[in-house]
Structure formats: structure tokens, C-alpha cells
1. For residues in region 562-572 being under 17 Å from residue 538 (Cβ atoms) and open to solvent by less than 20 Å² (accessible area, probe 1.4 Å), which is nearest to ligand 2 (Cβ to nearest atom)?
2. What are the residues in region 19-47 that are touching a Lys or Arg at 6+ places or on another chain (Cβ under 9 Å), under 19 Å from residue 296 (Cβ atoms) and small (Gly, Ala, Ser), if any?
3. Would region 322-331 turn up any residue that is touching a Gly at 6+ places or on another chain (Cβ under 7 Å), within 16 Å of ligand 1 (Cβ to nearest atom) and either at pLDDT 90 or above or among the aromatic types (Phe, Trp, Tyr) (or both)?
4. Can you find a residue that is away from ligand 1 (no atom under 16 Å from the Cβ) and at positive phi anywhere in region 392-400?
5. Please state which of the following conditions residue 268 fails to meet, knowing it meets all the rest: (1) away from ligand 1 (no atom under 16 Å from the Cβ); (2) closer than 21 Å to residue 373 by Cα.
6. Residues to consider are 324, 423; find the one that is more than 16 Å from ligand 2 (Cβ to nearest atom) and in contact with a strand residue (DSSP E or B) (Cβ under 9 Å, 6 or more places away or on another chain).
7. Any residue at all in region 470-484 that is modelled with pLDDT of 90 or more, within 28 Å of residue 343 (Cα to Cα) and open to solvent by 60 Å² or more (accessible area, probe 1.4 Å)?
8. Just one of (1) within 16 Å of ligand 2 (Cβ to nearest atom); (2) in the same structural domain as residue 475 (by TED's automatic domain parsing); (3) among the hydroxyl-bearing types (Ser, Thr, Tyr) trips up residue 366, so point out which.
Amino acid sequence: MNLDTAKEALKKYFGYDSFRPMQADIIQKVYEGRDSLVLMPTGGGKSICYQIPAVTLPGMSIVVSPLISLMKDQVEALRANGISAAFLNSSLNEASQRSVEEAAMGGKLDLLYVSPEKLVSQNFLPFLKSVRPNLFAIDEAHCISSWGHDFRPEYTQLKFLKTEFRETPIIALTATADKLTRKDIIGQLALRQPEAFIASFDRPNLSLEVRPGQRRLEQIVSFIKKHPNQPGIIYCLSRKSTENLTEKLLEKGISAAHYHAGMMADERTAIQEDFINDRTEVICATVAFGMGIDKSNVRWVIHYNLPKNIESYYQEIGRAGRDGANADTLLFYSYNDVLMLQEILQNNESDMLDIKMAKLERMQQYAEAVGCRRRILLSYFGEDVKQDCGNCDICRNPPKAFDGTVIAQKALSAIHRLQQQAGMAMVIDVLRGSGKKDILERGYHNIKTYGAGRDIPFLEWQHYFHQLLNMGYIEIAHDQHGVVLLTPASRRVLFENETVQLVRFATIKERQEAEKARAKEAIKPQRVRDELFEKLRQLRIQLARERGVPPYIIFNDATLEEMAASKPMTDDDMKNISGVGERKLHLYGSYFIDAIIEFVGPASGRGKSSTYQVTHDMYQRGLTVEEIAEKRQVTPSTVYSHLAILYEQGSDIALEELVSPEVVNQVLQSLRYIQEPYLLKDIFDYFDGQVPYHQIRLALAYGKRHSTAGP
Ligand code: ADP
Ligand code: ZN
């Protein structure tokens with residue numbers, strides 16, 4: 001078997017033109033009969049590494065996966081691509097199990113997914129012996145290690161694979177494995193001279209942003225409004241808060257549901273299904289949500305609270321944008337969350353408490369970072385990155401440093417005069433000259449720095465205290481009720497004139513304004529979320545509902561974006577779209593081609609476009625819009641949209657007779673204030689319904705035809 005065959009299969013079954021880095025090498029190793037260990041981030045493309053050998057090699061491959069709920073989806077997705085696959089686990093009854101086994105023994109399957117319980121069960125070995133698999137793929141291989149966080153005892157029995165099937169290659173795959181876990185995987189599976197493939201953990205399509213956790217609800221609602229029709233997940237710390245937040249979002253008219261481990265299993269399944277099928281847009285969940293779902297078009301993830309560590313954070317944001325299209329992530333950060341998490345850890349965790357506290361501290365440092373966030377993440381995972389990413393809030397809006405020595409001196413001297421006996425909030429209150437009872441009772445209003453920082457608001461002080469903490473100028477004594485302590489570095493500031501650089505505090509409002517200004521200026525990344533995309537998306541929902549499958553099984557978002565951008569109108573062009581394989585072309589190609597032709601109109605289409613031609617002919621004969629509509633038995637707005645399309649395409653239409661230059665100008669100006677994608681409805685709403693849809697349509701047509709010259 002060679003890589004050309006592999007590449008042909010990639011195109012034929014999956015519609016992809018090329019392998020991602022490492023995929024080809026991994027497949028090559030399988031062809032050579034060698035064992036491999038594959039470490040790739042979620043969404044990195046691990047499945048292709050065993051699915052391509054499975055469809056190209058003679059015989060059948062076995063995939064071991066602990067996530068039973070995922071098996072059905074994965075098998076469904078493979079079948080949608082024309083690959084014969086099945087699964088065996090405890091959810092099937094006897095008869096179905098038997099028929100799967102028969103299919104396997106009859107050589108009818110390329111891939112068989114098996115739960116670890118099934119694989120290690122008594123009478124499974126004879127079956128395996130009789131089918132003689134060509135490959136064992138062990139998915140979520142970190143479950144084998146007791147060091148990992150999802151230890152599965154059955155996984156430790158998998159060693160028999162190597163003893164019973166000496167010649168069959170094994171490929172172990174995971175998205176999370178530190179060095180120790182890697183060693184464990186190799187040892188437990190008895191892999192023979194395995195090659196380790198460790199991919200970059202970078203997910204450049206995920207934007208990263210951290211915001212202060214004030215007025216979170218308000219911020220979340222406005223965030224969701226800016227992501228219309230885009231599914232997303234909000235992670236909350238407690239079950240109760242998933243419920244409360246959901247309720248508030250529902251009140252705002254947002255399609256939301258909550259999910260946590262305290263709910264009944266069938267309730268959870270129903271909520272998950274609704275989300276997968278794009279019926280619910282937003283899920284407010286505890287971290288229990290996400291492991292068992294394989295939804296590739298999650299477009300955003302919000303963390304309502306700070307996660308416990310960077311591993312969890314990265315795994316959770318990793319659930320966004322698995323299709324490779326852009327996705328946004330937002331983390332809310334407040335110091336209170338840190339205190340709360342510290343308390344939770346101290347009360348519940350006895351093993352490795354120090355390590356867990358240190359991990360939390362790294363998470364906090366990430367949230368407070370003043371340098372490129374992606375670099376921090378990747379360096380945490382041991383990757384050496386030399387460039388800033390350009391796709392995080394810090395890169396887009398670099399904080400400005402200033403000489404904060406005086407501010408630092410005031411803070412440190414207050415701590416000193418409070419004899420290192422006060423917590424952060426108390427120190428700030430003293431600096432701000434608060435008249436709180438507590439302070440007066442303790443006589444803190446008599447110390448020299450009382451009120452010395454009145455001019456700085458509380459939140460801003462907090463921001464500076466966090467920076468001082470990060471820079472080592474102060475310490476928090478967690479074992480003494482969180483009082484603030486001085487350090488040797490703080491003495492240098494107080495007594496040796498050491499200067500301190502601080503980063504200016506930006507309020508939420510300022511941040512939002514900066515973000516808006518940036519959005520206006522920046523050249524938009526290639527994210528085609530226009531009217532056509534929306535139309536194709538609707539078509540996808542309709543086809544999915546008719547067939548009872550999740551929408552992303554039809555095509556994923558990245559594929560739709562590419563269609564919207566390059567507008568394929570023939571089978572050949574459609575085949576060139578990434579994600580359109582033979583089977584999907586056959587099943588769905590013509591629906592999407594028709595929708596695109598209808599959208600684009602005459603000049604480029606086939607026979608179908610004649611509807612525009614008819615309108616055009618009548619128009620040329622001097623009929624009015626109303627007359628054309630009457631004759632053609634369509635609404636005037638349809639005629640207007642035909643004329644708009646004809647005009648866009650360069651036809652000879654007297655646009656100025658249909659829409660006034662003032663309206664054209666106003667509509668095109670309005671685009672600056674409207675979030676992309678420009679939906680007609682948003683423009684309509686922008687003018688409070690004062691400009692009819694057909695006029696907007698015509699104005700946009702003017703804009704498109706003259707886009708090089710500007711309006
Ligand atoms: P993982 O199992 O590593 O989380 P998947 O195997 O589910 O990731 O792949 C993530 C997404 O990337 C899927 O939508 C998959 O079809 C897509 N993908 C994988 N390999 C390629 C490739 N070579 N070209 C384009 N897309 C790919
Ligand atoms: Zn960055």
C-alpha cells in the first residue's frame with residue numbers, strides 16, 4: 001500500500017485535498033506494520049490517521065474507544081462518507097451485536113468500533129482471531145494511565161493485543177498526555193519500537209480573549225448577539241449557576257439550555273441531541289459537558305468562571321472550531337474566582353494539593369497576562385513559539401505600560417503600615433479612604449496612607465495589586481486568611497527607589513471601544529458569513545431534518561464557508577471544495593449547487609437561471625416592477641431581488657430609478673456599524689424598518705458592483 005492510494009482515498013471519501021502535517025507519516029507507519037503513538041490536540045485530525053488505513057488496507061480495522069456515546073456519531077459520520085463501519089458496545093441488544101459480528105466476519109466492514117469492556121470480554125478473542133484485524137487503533141489512549149485524569153481499568157488489559165496479534169500494528173491516539181502518561185501508554189500496550197508523533201497544540205483558528213468578570217450577564221448577552229445563529233457553550237463552575245444563567249438567557253430570548261451531571265440521563269441526552277442538531281443554540285454547562293460530544297461547528301466557548309488549570313481550559317476551549325473554521329473564546333476573570341477555587345481545592349483535594357494549587361496559579365497568571373496569550377498557552381505545553389499570534393486580545397490591543405512606581409509605593413506602604421495583617425480588599429479600602437465600620441473600628445483611618453489612593457477606583461486598584469502580585473512585589477498568605485505580605489522586592493521599591501512598570505487599567509467600555517475601532521480598521525479574516533452562507537446553512541438544516549441526522553454530518557461549517565466564498569456551480573467545481581467527497585457530492589451536491597445558482601443568478605449559471613432572464617427581458621421591454629410581478633405570478637420583492645442580482649452581474653438596469661442615491665449611500669454607510677455577516681435583517685433593523693428590504697437589496701447590489709471604486 002502506498003501514500004498515493006491514501007491520498008486518493010482522502011479525496012474520495014472525505015473530500016480533502018491534502019493531509020495535515022503528520023497524518024501522512026502516521027499512515028505510512030501503519031502501512032509498514034509499525035506501532036505509533038499519536039498526540040494531537042482535539043480537532044487536530046487524529047481519526048483520519050486510522051480511518052485511511054482502514055479503508056485502503058484489505059480487511060478490517062478495530063477502533064477501541066471508551067466514549068460509547070461518541071461511537072454512534074462517528075459511525076454515522078463514516079457512513080455518510082460512504083465507508084462501511086459499525087460499532088459493538090453494551091448499548092446494542094444481542095441480535096444487533098450478532099448481525100454486526102456477522103457483517104465483520106463476512107468481510108463487509110472496513111471499521112469496527114469496540115468499547116474496551118467488549119474488547120476484553122471473555123468470548124471476544126475467538127471473534128477477533130477469526131476476523132484478523134489489520135490494525136488496532138486505541139483512541140483516548142491516556143485512559144490507560146493512572147496518571148491521566150480519565151483512568152479506565154479495562155484499558156490496562158489491552159496488553160493481550162500485542163501478545164495475541166504480534167504482527168498487527170497498533171496506533172495509540174490521545175489529545176492529552178504528559179511525558180509520564182506517554183511512557184505508560186507505550187508500556188501498557190507493549191508497543192514495539194513505536195514512533196511518537198507529537199503535533200503542535202496550536203489551534204490558530206481559536207481567538208483568545210480574557211475580560212474582567214464584571215457584569216458578566218450583560219457581556220454574555222451582547223457577545224451572543226454578535227454571534228447570531230452560532231452554537232456555543234458557556235462553562236460555569238456550579239450546577240446551580242448553569243441553571244440560573246440559562247434562565248436569564250431565556251428571558252432575553254436566547255435559545256439556551258443547561259446541562260450538568262446532576263440531571264437525569266435521558267434529560268441530558270435530549271439536551272445534547274438538541275444542541276448537536278442545532279435546535280438549541282447555547283448550552284450552559286459544567287465541565288461534565290463536552291466529553292461525549294463530537295460537534296464540529298461549535299463557534300464559541302465562554303468560561304463564566306476561571307478553570308482550575310490550563311489543561312482543562314485548553315481542552316474546553318478546544319471544543320470550539322473543530323472544523324477548522326474561526327471560532328471565538330472568552331474567559332471571564334475575577335480574583336474572587338481564584339479565592340473560591342483555592343477554597344474548593346483546599347477542602348476537597350488531599351492528593352497533590354501543592355501541584356493543584358500551583359496549576360491554579362498558572363491559570364491565574366494566564367488570565368492576568370500582559371503578553372500574547374497563545375504564546376503562554378503553547379509554552380505551557382512545552383512548545384517554543386517565537387512569534388505573537390495576532391489572534392488574542394493582547395495582540396490585538398496591546399496594553400500600555402507606564403511608570404507605576406508611585407502607585408506601587410502607596411500600595412506597599414499601606415501594607416507595611418497595616419503590619420501585613422490585612423487582606424487585599426481591606427488594603428484597597430484603606431487606600432481609598434473608605435468609611436467602612438470595620439476600618440474605623442480597627443483604627444485604620446489613622447494610618448498615614450489612609451485615603452492616599454482615593455483618586456483610583458476600587459477595580460483599578462485590584463488590577464494593579466494583581467500585577468504587583470504577578471511581579472513578585474507582594475505575596476498572599478493563603479494559610480493566614482489571605483493577608484497581603486511584603487517581599488524582598490517590595491522593600492527595594494519602598495526603600496531603594498526601584499521603579500515599577502504597570503499596565504494601564506482599561507474599563508470594559510474602553511476595551512469594547514478599542515475592539516470596535518479595531519474591527520473597523522482590520523482587514524477581516526477570511527470568514528465568509530454572508531447571505532449565501534446563511535442560505536446554505538438553512539438548506540443544511542432542512543436536509544438534516546429530513547434525514548434525521550445532525551447538520552454537521554451533511555457538511556461542516558468550514559465546507560459551507562468555502563462554498564459561500566467560491567460558489568461552485570458544477571459538479572466538478574463542487575468536488576474541489578474541501579469536505580465534499582464522492583458520496584456527499586452524490587447525495588447533496590445538486591441541492592447546494594441549485595441554491596448557489598439561484599443565489600448568484602444568470603451570468604454564470606446553467607439553464608436554471610432563466611428565471612432571471614425572463615425578468616430581464618420584461619424589464620427591457622419597459623414593464624414596471626408591478627407589471628412584471630403580475631405577469632410572472634411572483635411578489636414585487638422577488639422581482640426587485642432579480643433586478644438587484646442582474647445589476648450586480650453588470651446588466652443594464654437603471655438602478656437610480658428603483659432606489660434613490662441617498663438611500664444607497666445611507667445603506668452602504670450603515671455597514672460600518674453592523675456586525676458581519678451582513679444580514680438583510682440587521683440592516684433593516686438598523687434603520688428601524690424605515691428602509692424596505694428591496695431598497696436595501698438594491699443598495700447592496702450597487703455596493704457590490706462598484707466595490708472596487710467605493711460607494
Ligand atoms: P480529533 O479526533 O483529532 O479531535 P478529527 O479527526 O475529528 O479530530 O478531525 C477534526 C476535523 O478536521 C474534522 O472535521 C476532520 O474531518 C477534519 N480534518 C481531518 N483531517 C483533515 C485534512 N487532511 N484536511 C481537511 N480537514 C481535515
Ligand atoms: Zn496573541
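1. Here the answer is 564.
2. Of everything in region 19-47, those that are touching a Lys or Arg at 6+ places or on another chain (Cβ under 9 Å), under 19 Å from residue 296 (Cβ atoms) and small (Gly, Ala, Ser) turn out to be 43, 44, 45.
3. Checking region 322-331: at least one residue is touching a Gly at 6+ places or on another chain (Cβ under 7 Å), within 16 Å of ligand 1 (Cβ to nearest atom) and either at pLDDT 90 or above or among the aromatic types (Phe, Trp, Tyr) (or both).
4. No, because not a single residue in region 392-400 is away from ligand 1 (no atom under 16 Å from the Cβ) and at positive phi.
5. The number of the failed condition is (2).
6. 423
7. Scanning region 470-484, I find no residue that is modelled with pLDDT of 90 or more, within 28 Å of residue 343 (Cα to Cα) and open to solvent by 60 Å² or more (accessible area, probe 1.4 Å), so the answer is no.
8. Of everything listed in (1) within 16 Å of ligand 2 (Cβ to nearest atom); (2) in the same structural domain as residue 475 (by TED's automatic domain parsing); (3) among the hydroxyl-bearing types (Ser, Thr, Tyr), residue 366 misses just condition (2).
The values are calculated or read from the model by the stated rules, or taken from the named source; none is laboratory data. From a predicted model like this one, the values you see are computed outputs, not experimental measurements. FYI the Cβ positions are ideal-geometry reconstructions off the backbone, even for glycines, and counts take in every protein chain you see. The protein model used for the area step is the full one, side chains on, heavy atoms only, and it has no ligands, DNA or RNA in it. Shrake-Rupley method; radii C 1.70, N 1.55, O 1.52, S 1.80 Å.
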